[in-house]
Amino acid sequence: MKKLVIATGNPGKLREISQLLQPLDLQVLPQSDFAVPEAEEPHCTFIENALAKARHASRLTGLPALADDSGICVDTLGGAPGVYSAHYAGEPKSDARNNEKLLQALARHSNRHAHYYCVMVLVRHADDPQPIIAEGAWHGEILKVPRGDGGFGYDPLFLDPELNKTGAELPLEQKNRISHRGKALAALLKRLEDAPL
């Protein structure tokens, strides 16, 4: 069975990605199993950060690696927090402080449209010249008060208007079908059919 390293230290992402990869004949391993430290994310685009993380994990493990870079982009804030979503309120990372800062930033705005965006990158080896790249988006709006106790990140504030539920109110299987990460991974798996590991 082929091994694939997931280049994240985020337990929420790891849980979602692992569940989505279950149908494949792969042994999915977190980078923490190899004591791989988190990669630097110095870039201003999701794709460059995802590629840097995948190459970093692959280089240190010698295995194929899958990384994502994702965040929430709020229309009225010019796409912020965007690639800085995880560190929006500074260090140390804190979902609660990030959510509070977002609510403060939107306090005087009526337009609360936002979308989650995700780029997935899979490299077969650290210097793979043809990484597999896929993306996905999940459109919704930011609530004024958090709802739900599932998910992670901005999920308690992110409302899917069609379902009238936040990301934090959805069961994981349902969230994985409609989320930015679920869509990106589905697109990546389709690409893998033509170019297997």
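The values are calculated or read from the model by the stated rules, or taken from the named source; none is laboratory data. Here the structure is a predicted model, which is why all the values come from computation and not from measurement. When we count neighbours, we look across all protein chains shown, and the Cβ atoms used for this are built from the backbone with ideal geometry, even at glycine.
See the values below:
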| item | result |
| --- | --- |
| Count of the stretch 112-158 residues which are touching a Ser or Thr at 6+ places or on another chain (Cβ under 8 Å), surrounded by fewer than 21 Cβ atoms within 10 Å (Cβ to Cβ) and outside any loop (DSSP other than H, G, I, E, B) | 1 |
| Tabulated pairs, the stretch 167-187, first closer than 18 Å to residue 71 by Cα and of a type in the set (Lys, Arg), second part of a helix (DSSP H, G or I) and at pLDDT below 95, C-beta under 8 angstrom, 6+ apart or interchain | 175/16; 175/182; 181/13; 181/16; 181/17; 181/20 |
| Counted residues, the stretch 21-31 - those being under 12 Å from residue 5 (Cα atoms) and either modelled with pLDDT of 95 or more or outside any strand (DSSP E or B) (or both) | 2 |
| Every pair of residues 6+ apart whose Cβ atoms lie under 8 Å, when the first sits in the stretch 14-43 and is of a type in the set (S, T, N, Q) while the second is assigned to a strand (DSSP E or B) | 18/6; 18/28; 27/2; 27/3; 27/4; 31/5; 31/6; 31/65 |
| Tally, over the stretch 50-74, of residues that are assigned to a helix (DSSP H, G or I) and within 12 Å of residue 117 (Cβ to Cβ) | 1 |
| Subset of the stretch 32-74 that is modelled with pLDDT of 95 or more and touching a Gly at 6+ places or on another chain (Cβ under 8 Å) - its residue that is farthest from residue 122 (Cα to Cα) | 73 |
| Residues satisfying the stated conditions in the stretch 5-19, i.e. surrounded by 21 or more Cβ atoms within 10 Å (Cβ to Cβ) and hydrophobic (A, V, I, L, M, F, W, C) | 5, 6, 7, 17 |
| The stretch 87-111, residues that are small (Gly, Ala, Ser), assigned to a helix (DSSP H, G or I) and more than 15 Å from residue 74 (Cβ to Cβ) | 96 |
